[in-house]
Every structure is written in structure tokens, then in C-alpha cells.
Amino acid sequence: MTRHANKPFIDRTTTSLQEAELAWGTSHHLGSTLPTDEQAREAWALNRERLMSLFAHGGRRPQGWWKFEAPFKFPGFNRERSALWEAGLLGAAEARALERDWREEFAKSLEPSFTFRERSGHALTGREAHIAHLVFHDCPAALAEQWAADTA
């Protein structure tokens with residue numbers, strides 16, 4: 001790398017730990033490997049295309065995208081897919097695949113003997129089980145309401 005006038009030398013290599021941080025977020029054990037926003041932004045710009053191709057699927061986006069490109073704050077892992085779907089930020093094929101999965105889970109939760117087991121071990125049945133299952137699978141409420149109206 002050469003130095004440009006009035007511009008500091010910037011190391012353009014990205015370590016595997018830095019890439020992991022851009023993909024999954026800062027490690028709770030190690031802290032950030034990209035200590036400044038400028039370093040993180042540059043690492044994201046240099047690795048965006050590859051990281052998006054590896055991690056932007058199934059209604060998920062890498063943390064670098066959430067930090068530097070998303071139009072709203074990361075809603076958390078459990079709401080990420082529905083938030084991206086609701087905001088229209090998924091590609092058509094990706095959205096259709098999620099909708100198919102959510103529709104299958106919706107139908108499964110309406111079966112007469114369906115039971116949803118909470119983390120505590122408590123078993124839910126009926127409407128409670130149906131709702132808990134859809135929340136667990138991050139199904140958008142608008143889709144669930146539409147499908148409920150269609151089955152009524």
C-alpha cells in the first residue's frame with residue numbers, strides 16, 4: 001500500500017475475527033476487533049459483497065449490514081425475518097420461501113392435536129399454542145391474520 005498525501009496509511013486486511021464480527025456481531029467475550037466506526041465501516045465496505053453472499057439469506061442479514069445500511073435498528077434475532085419482510089427488504093424469492101415456511105407452520109399449528117411446549121416445559125394447546133408457535137417462528141402478524149381470514 002502506498003501513502004497518499006494527507007491521508008494516513010490504512011491496513012486493508014481483514015482478519016477472520018473481524019469478519020465474524022461483521023457477520024454475527026461483537027463477541028461478548030472478546031469485545032470488538034474493530035474499535036472505531038471508521039475501521040468497521042471500511043472493513044464492511046471491503047467485505048460487503050462476499051459477506052452478503054454468505055450470510056444474507058433466509059430472511060437474515062449480517063450485522064455489518066444492520067450497522068451500516070439498514071433503514072432501522074436491528075430488531076433482534078427473533079424478529080429479524082419478519083421485520084425485513086414487513087419492510088419489503090427481502091428479494092422476491094427469499095420472501096416467497098419464508099412465506100411458504102410460515103404458511104406451513106401456520107397450518108401445522110391449526111391441527112387438532114397441536115401442542116406447543118414453552119421453554120419452561122409447560123404445554124400449550126388450542127389458540128395459545130397456535131399464537132406461541134407463530135411468534136416462535138417469527139411469522140408476521142399481517143400474514144397470520146390474512147391466512148386466518150382465508151380459513152374462516
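The values are calculated or read from the model by the stated rules, or taken from the named source; none is laboratory data. Treat the numbers as computed from the prediction; the structure is a model and nothing was measured. Note that each Cβ is placed from the backbone with ideal geometry, even for glycine, and that neighbours are counted across all protein chains shown.
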Filtering region 32-54 for residues that are more than 17 Å from THR15 (Cβ to Cβ) and in contact with a helix residue (DSSP H, G or I) (Cβ under 9 Å, 6 or more places away or on another chain) leaves a count of 2
Residue hits (region 46-69; without any contact (Cβ under 8 Å) to a residue 12 or more places away in the chain, out of contact with any Pro (no Cβ under 7 Å at 6 or more places or on another chain) and of a type in the set (Gly, Ala, Ser)) are SER53
Checked ASP138, ASP101 against criteria (in contact with a helix residue (DSSP H, G or I) (Cβ under 7 Å, 6 or more places away or on another chain), surrounded by 12 or more Cβ atoms within 10 Å (Cβ to Cβ), of a type in the set (D, E, K, R) and not assigned by TED's automatic domain parsing to the domain that holds GLY25); the one match is ASP138
- Message: Would you confirm, using the coordinates I've provided, whether GLY76 is out of contact with any helix residue (DSSP H, G or I) (no Cβ under 7 Å at 6 or more places or on another chain), loosely packed, with under 11 Cβ neighbours inside 10 Å and closer than 26 Å to GLY25 by Cα?
- Response: yes
When region 79-98 is checked residue by residue, the ones that are exposed (fewer than 15 other Cβ atoms within 10 Å of the Cβ), without any contact (Cβ under 8 Å) to a residue 40 or more places away in the chain and at negative phi are ALA87, GLY91, ALA92, ALA93, ARG96
